[in-house]
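The values are calculated or read from the model by the stated rules, or taken from the named source; none is laboratory data. Quick caveat, the model's predicted, so the values are computed rather than measured. Quick reminder, even Gly has a Cβ in these numbers, built from the backbone with ideal geometry, and neighbours come from all protein chains shown. Side chains are part of the model used for accessible areas, which takes the heavy atoms of the whole protein and leaves out ligands, DNA and RNA. Shrake-Rupley method; radii C 1.70, N 1.55, O 1.52, S 1.80 Å.
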Amino acid sequence: MKMFYYNARTLVSFTWIIWASSFGVLGDIGVNWGTLSSQRLAPSIVVKLLKANHIMKVKIFDADPKVLEALIGSDIQVMVGITNDLLETISSSSEAADMWVRDNVVRYAFNGGVNIRYIAVGNEPFLMTYQGQFQAFVLPSVINVQQALAKANLASEVKVVVPCNADLYQSNLPSQGAFRPDINQIVVQLVSFLSKNGSPFVVNIYPFLSLYGNANFPADYAFFENSTHPLVDGGNVYTNAFDGNLDTLLAALNRIGFGQMPIIIGEIGWPTDGVVAANISNAERFNQGLVNHILSNKGTPLRPGIPPMEVYLFGLLDEGQKSVLPGNFERHWGIFTFDGQAKYRLDLGQGSKELVSAVNVPYLPSRWCVANSYRDLSSASTHVQLACSRADCTTLLYGGSCNTVGEIANVSYAFNSYYQQQNQAEESCYFDGLGMITFVDPSIADCRFLVGIRDSSASVLSKNIRNFLLTLWIVMMYSLAFTCL
């Protein structure tokens with residue numbers, strides 16, 4: 001009986017590996033493409049950026065038509081998302097689920113269309129800070145979406161998943177991993193349904209947050225070099241937080257009878273600004289270490305030789321409108337800046353030894369708004385508060401890259417951030433006469449003063465307005481000509 005169990009387990013694992021391989025090579029590296037920015041690159045430029053870096057897997061947090069239209073014909077594998085605010089509706093209405101799948105999946109499921117592989121139902125819906133707000137809606141939503149895919153004959157091509165935060169499980173040692181008691185019953189039902197329908201388990205793991213939230217957390221344990229503070233769990237030794245966290249999940253899944261469930265890492269990364277530990281050096285060290293670790297196929301002590309089937313870095317671009325409630329680093333997770341420029345060297349193991357920056361970015365003119373040092377700046381703080389309430393000033397705060405550049409430079413940075421966000425409108429640099437426009441880049445060392453980009457939708461609108469005015473002028477000229485006749 002014991003030998004039969006071992007063989008059956010091996011057969012199940014082998015079957016899952018074959019299924020995972022049909023979706024791509026085990027350990028594939030993708031990215032999360034978030035769009036919470038006041039000045040967004042045109043989706044077409046972002047798709048070219050992905051292709052230039054041989055990134056062929058992308059996870060988005062909704063189903064933005066402009067993003068999906070830009071992905072048509074790219075062959076990039078896509079995970080689209082149903083936002084948490086839609087879960088109640090979709091959980092209670094199969095018609096709503098049918099409509100969502102029809103509008104956001106079936107619509108693009110044509111030859112040469114969008115290569116949609118997953119639908120993420122919610123985003124971390126079991127997060128403890130939500131206090132159960134979405135808990136009851138998750139499984140019914142998953143069932144309704146699965147049925148909608150079956151009706152559309154897409155169930156074998158598109159898999160339903162639920163990205164979960166790592167706070168779903170807990171333990172002091174990986175081998176003792178267990179799902180939270182308040183959610184265990186729902187997780188058992190959810191995992192059983194996902195497994196039955198050939199879907200993987202998606203989890204978001206952030207060693208950075210462990211370091212940020214715990215003063216006693218060993219810093220080197222967050223990275224992938226041999227830690228001087230390894231975690232010993234029986235015969236297993238953990239030298240990095242990622243393996244320890246992932247094995248805690250695997251132990252929790254094994255505890256409920258699904259120890260061979262395929263795993264996708266939905267989000268993982270390291271920010272580059274906003275707090276002391278968030279800097280370019282650490283981000284490069286972590287992300288390169290992660291990529292090397294995944295592509296080595298080393299696996300973990302509880303799943304040796306089998307890495308997660310896919311790993312999605314968080315994130316692709318900085319997002320200047322993300323909430324900073326978790327921390328000032330939230331707007332700086334990108335491996336690229338908001339305008340698609342590479343922050344550091346990163347070999348993703350997919351053909352390019354370093355990141356390739358975006359090209360043909362529609363920048364605003366090279367001019368900046370700075371504080372007029374010849375004016376009395378004693379009242380500048382009021383204007384700085386106003387500017388920073390609208391624009392992103394997180395780099396000015398403690399641990400940020402602009403925190404130590406001096407008072408006048410701090411005022412200038414705030415003024416310029418607002419000025420660029422307002423598309424360099426002349427009046428946005430007034431600040432009761434305290435601001436002035438300069439054509440000399442005021443950046444200081446690592447403190448980069450940004451130049452904004454033209455919003456693609458605004459460009460389209462301006463073009464439409466110009467075309468309308470031109471048409472109106474032609475009509476008026478013809479009317480005038482006929483009147484003269």
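Some notes on this structure:
- Normalised contact order of the chain, rounded percent, pairs of Cα under 8 Å and 6 or more residues apart: 15
- Per residue, the convex hull spanned by the alpha carbons of the range 136-259 comes to 124 Å³.
- Put simply, the amide H of Leu355, placed in the peptide plane, has neighbours under 5 Å in Leu346, leaving out anything fewer than 5 places away on its chain.
- Distances between every pair of Cα atoms in the range 314-361, grouped in 10 Å steps from 0 to the bin holding the largest one, split as 27, 46, 23, 5 percent.
- Residues of the range 417-439 with amide N under 13 Å of the 7 Å Cα→Cβ point at Ser366: 439
- Accessible area of the range 108-236 belonging to carbon and sulfur atoms, whole % at 1.4 Å probe: 50
- Members of Lys57/Lys353; Lys57/Lys196; Lys66/Lys343; Lys59/Lys353; Lys48/Lys298; Lys59/Lys159 lying beyond 20 Å, as alpha-carbon distances in this model show: Lys57/Lys196; Lys66/Lys343; Lys59/Lys353; Lys48/Lys298
- Stretch gain in nm, segment Gln321-Glu427, where the contour uses 0.36 nm per residue and the Cα spacing is subtracted: 35.9 nm
- Distance distribution note for the chain: the fraction of Cα pairs above 32 angstrom is 47%.
- Considering every alpha-carbon pair of the range 157-223, the percent of pairs per 5 Å bin, from zero through the bin containing the longest distance, is 3, 14, 19, 23, 17, 11, 9, 4, 1, 0.
- Translational diffusion coefficient (Stokes-Einstein; Kirkwood radius from C-alpha pairs) of the range 31-147 at 25 °C, 0.890 mPa s, in µm²/s: 163
- P(r) tail for the range 105-170: Cα pairs beyond 18 Å make up 44% of the total.
- Built from the Cα atoms of the range 235-307, the convex hull projects on average onto 5.8 nm², one quarter of its surface area.
- Summarising the amide proton neighbourhood of Thr300: residues at separation of 5 or more, or on other chains, whose placed amide H is nearer than 5 Å comprise Gly305, Ile306.
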